Every structure is written in C-alpha cells, then in structure tokens.
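**Student:** Sending over a structure as structure tokens; questions will come in a sec.
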Amino acid sequence: MASILVALVGPLVLTGLALLVTYLVLGPSKYGGPSSGKGVVVHVLVLGDIGRSPRMTYHALSIAKHGGKVNLIGYLETPPHPSLLSSPSITIHPLPPPPVRPPSVPFLLFAPFKVLHQLFCLFTLLAYTLPPSQWLLVQNPPSIPTLFIAALVCRLRGGSTKLLIDWHNYGWTILSSTRGPRHPLVYIAKLYECLFGRLGDHNLTVTHAMARQLRKPPYNIRGPMTAVHDRPADIFKPMWWGKARQEVLERVLPAEQRELVPSIMEGNTKLIVSSTSWTPDENFGILLDALVAYAADPVSEETPVLAVITGKGPQKEMYLRQIEELTGSGQLPNVRIVTAFLPFEDYAKLLACADLGVCLHMSSSGVDLPMKVVDMFGAGLPVAAYCGYESFGELVKEGVNGRGFERYGELAIILTTLLSPEGSGELEVLRKGAVSEGRRRWDEEWDEKVAKIMGFAA
C-alpha cells in the first residue's frame, strides 16, 4: 500500500510544489474590485460538462442577475443553457478535453497523468489567464484536483479571493461505487477530500443531512455551512392539457412514436419519462425489470406505456441491447421503450407532458438528492423514485408528491397502480403535490441564502 501511495501521490506533490514556486516567483496578484454588490467578479468552476451541470449553471445565472461578473469554467461537451450564452455578464472558459485512457494502460498508471493534465490547465487558467476574483465557487465532486488547486490559488491571493465549496456529493463514495471500497485510490481520495474540504471559507450543501454529516468525522468541517436545496429553474413549469401538449409531443417524440400522440392525449397510453446517466449508481435494470413485470400484468392491455429514457452514459449500449432482446422475445407487449437526448428546453417540456417520472438515483453518499426529481416537480410531474437513502424524505413525500421503491417489484406495483384507470385519482393527487412542491423556485432559494453570503443582499 505504501509504495502505491508514493507512486500516486508523489507526482502530484511535486507538481504542486513546482506550481507554487513558479507562482511565487512571478508574484501573486490580489483581487481589487468590489467586495459586494454590482461588479463583483466570481469564478465558477465545475470540472465537468457545463451543459450537464444545472446547479452550477443556475449559480452563474443568479450571480449575473444580481450584477456580478461570472467566469464559468468547465468542459463543453453538450450545449450549455441558452441563458448562459446570451448573458453579457457571463463568460464561458472551456477547459481542454482531458486525456482518454488507452485500453492497454492500467487505470492506476493513467490516473496520475490525467490529474497532472488537469492540474496544469486549471492552475494556468485560475492563476494567470483570468484576473483575480472576489469568490471562487467550486463544485464538489469532482474533488481531485479542483479542491487542491482552488485552495492553493485562494491562499496565494492572500485571502482576497474567498473559496466557496458547493458540496453536491462526495467524490470518494462515487469512486468507491465503481472501484470498490478497498481500492487504494478510494483510500487516497477520501483522505484528500476530508483534508482539502476543510479549507473553504464557506460551504454549501444540497441537503441538511449532508450538512450534519460534514460536521462529523472524518470530515470535521468547522467553517460556515449553509444547506441550499436544489430548486427548479423557471424553464420547468406545468403545462396545462390541450393543444400546447400535443404540439410538444409531436415535435420532441421520436418520429416512429408520434403515432401514439392521439392515444397519449386521450389518456389511453401513458407516457413515463426517466432521465439517467446510464451508470452503475443508477441501476436502469430496476426500471427495465419493472416494465417487463408491468407488461405481463393485464393492466398493460388496457393501458399501454411509452417510456422515454433521456441521458448519456457508459452503460447505454448494453441496456439498448437488452431492450432489443426483450422486445424481440415478446416480453414487452404493450410497452415501448425509446431513448433520446434532448435540448434543455425540449427536455423541460417533455417532463411537463408526461404522466409519471421515474428516478433511479441511488446516492453513493446517502445524503445527496437527485436534481432530476427537482426538475420533474418544477414541471408538475409526480415521481416514482428510489428511496433507499437518508435524505430522500427532504424532497419526496410518500403519497403526497411521489412514491418510493427499492426493488423492481415495488416499482412494478407502483406502475400498475398509478397507470391503471382505477389509479387516476391517486395519480392526480400526486400531480397536485408535485406542482405544490415545485412552486418554490431556484431564485427564491438562492436569494434567501447564497445572495447574503456573497454580499449581493443584506
């Protein structure tokens, strides 16, 4: 274990020292702009795809609405929110794509190389290319190397740039779900995250449960902390039944499924939507098995289902093959499953047109919450969601705005109950609960909590 730690950490430490010496020789500059209100400069950093980072997108838009100037840093893999591109107060700084691991190179050997590449790109951008800022707002995870670089730059600025860490989850628990809890990198990532996670001037969390957990070992964060729940943006809104719904369905559904639009409009065919990352921590097999069970139930003859699955991810092709095999073998009668990757506006409208949303998020930490459920509530869409984690009840209220499940059999029962003609009354109750939950919007949550922290409100 010791030799592995040295092999992995050694290059990172040496690179960090080299960056530090270089920066000190050239001389650190300090932020000299406004410390609050209009004109405040904020760097928003997400070491991920900006187009698939809604919470950081909303942070940037909120800062801009309050007169701040935003430098948004991240990868450009999918189209960003249109408002980011149209705002004169937001400048996007794309990061160069990270190196891709060749199949012949072991993960343990490739990981340090990838991190070194990210270290160099981030440090160059934050320390030299961009001017100093009043705040550096960082998404966590990913933790490596963002927390280290962000803390280093803020300290070298002499305290003129404050570090605000927005905790969405824990990087080490996500790594553990794919590499196993005993993997050397998981051990290193946990130590790293617990150490550098304590260096924020202020911390934001997505749940109260996460805030409580970060106060305890092994994190032991003593700095200020505020729970800021994800709330839907204004683009997510209920769509009243009628011609508007029909026009959206005829436009966003795959061409071969548009023949179902009249049946969906009449309520004879039910439309369910699930957004997934196609990763192991969102087990799509649960939904697939539940749909097979639904198809075997007599209810499916009376109420066929069209399931639209959105998103991109590594396991997508594997599940598409399974769907093809199940369909070909006759195990999905009266059930059609299609996939799509939609622009932001079309996705929001599709949610508003659906009868039920399904969320498979399992939470590697047990204390985060899925943004996709927040968006569904914003669109007035009730949900069936995986419920086997501590913070679930902070968002989904059983029998009020959604239903929870842990196994495919439980999800199958929910589908047969809510999508049957006899379940229309309960589904309508859940829809009203979803609309009610979605009334509190992101701007209200942000203005009440984050605006005060960043000096945009008294």
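**Student:** Would you mind finding the one in 142, 131, 97, 82 that is without any contact (Cβ under 8 Å) to a residue 60 or more places away in the chain and either open to solvent by 10 Å² or more (accessible area, probe 1.4 Å) or touching a Pro at 6+ places or on another chain (Cβ under 7 Å) (or both)?
**Tutor:** Numbers: 142 fails: without any contact (Cβ under 8 Å) to a residue 60 or more places away in the chain; 131 fails: without any contact (Cβ under 8 Å) to a residue 60 or more places away in the chain; 82 fails: without any contact (Cβ under 8 Å) to a residue 60 or more places away in the chain.
Just one listed residue meets the conditions, 97.
**Student:** Go through region 289-327 residue by residue and tally those that are open to solvent by 30 Å² or more (accessible area, probe 1.4 Å), part of a helix (DSSP H, G or I) and of a type in the set (S, T, N, Q).
**Tutor:** 2
**Student:** Regarding region 240-253, can at least one residue be identified that is in a helix (DSSP H, G or I), within 24 Å of the chain's Cα centre (by Cα) and more than 30 Å from residue 159 (Cβ to Cβ)?
**Tutor:** Keep residues of region 240-253 that are in a helix (DSSP H, G or I), which gives 243-252.
Within this subset, residues satisfying the condition of being within 24 Å of the chain's Cα centre (by Cα) are 252.
Now restrict to residues that are more than 30 Å from residue 159 (Cβ to Cβ): 252.
Scanning region 240-253, I find at least one residue that is in a helix (DSSP H, G or I), within 24 Å of the chain's Cα centre (by Cα) and more than 30 Å from residue 159 (Cβ to Cβ), so the answer is yes.
**Student:** Could you check residue 445 against (1) under 28 Å from residue 266 (Cβ atoms); (2) open to solvent by less than 30 Å² (accessible area, probe 1.4 Å) and say which number it fails?
**Tutor:** (1)
**Student:** Next up: Exactly one condition in (1) open to solvent by 40 Å² or more (accessible area, probe 1.4 Å); (2) closer than 26 Å to residue 209 by Cα is false for residue 108; which is it?
**Tutor:** (2)
**Student:** Can I ask one more? Is there any pair linking a residue in region 30-47 that is over 16 Å from residue 160 (Cα atoms) and assigned to a loop (DSSP other than H, G, I, E, B) to one that is at pLDDT 60 or above and open to solvent by 20 Å² or more (accessible area, probe 1.4 Å), with Cβ under 6 Å and at least six apart or on different chains, and which?
**Tutor:** Short answer, once both residue conditions are applied: 38/67.
**Student:** For residue 406, all conditions in the list (1) in contact with a Leu (Cβ under 7 Å, 6 or more places away or on another chain); (2) surrounded by fewer than 18 Cβ atoms within 10 Å (Cβ to Cβ) hold save one; what is the number of the exception?
**Tutor:** Result: residue 406 fails condition (1) only.
**Student:** What number goes with the only condition from (1) out of contact with any Phe, Trp or Tyr (no Cβ under 7 Å at 6 or more places or on another chain); (2) crowded, with 18+ Cβ neighbours inside 10 Å that residue 276 does not pass?
**Tutor:** (1)
**Student:** For region 182-235, enumerate the residues that are modelled with pLDDT of 95 or more, closer than 24 Å to residue 444 by Cβ, assigned to a loop (DSSP other than H, G, I, E, B) and open to solvent by 60 Å² or more (accessible area, probe 1.4 Å).
**Tutor:** Across region 182-235, the qualifying residue is only 224.
**Student:** State all residues of region 269-288 that are farther than 21 Å from residue 364 by Cα and in a loop (DSSP other than H, G, I, E, B); if no residue qualifies, say none.
**Tutor:** Listed by number, the list holds a single entry, 269.
**Student:** Counting only residues that are closer than 18 Å to residue 408 by Cα and either in contact with a strand residue (DSSP E or B) (Cβ under 7 Å, 6 or more places away or on another chain) or of a type in the set (Asp, Glu) (or both), how many does region 309-326 have?
**Tutor:** Quick first cut of region 309-326, residues closer than 18 Å to residue 408 by Cα only: 309, 319, 322-323, 326.
Adding the requirement that they be either in contact with a strand residue (DSSP E or B) (Cβ under 7 Å, 6 or more places away or on another chain) or of a type in the set (Asp, Glu) (or both) leaves 309, 323.
The qualifying residues number 2.
The values are calculated or read from the model by the stated rules, or taken from the named source; none is laboratory data. Just so it is clear, the model here is predicted, and its values are computed rather than measured. Counting neighbours? That spans all protein chains shown, and the Cβs are built from the backbone with ideal geometry, glycine included. Keep in mind that these areas ignore ligands, DNA and RNA; they rest on the heavy atoms of the full protein, side chains included. Shrake-Rupley method; radii C 1.70, N 1.55, O 1.52, S 1.80 Å.
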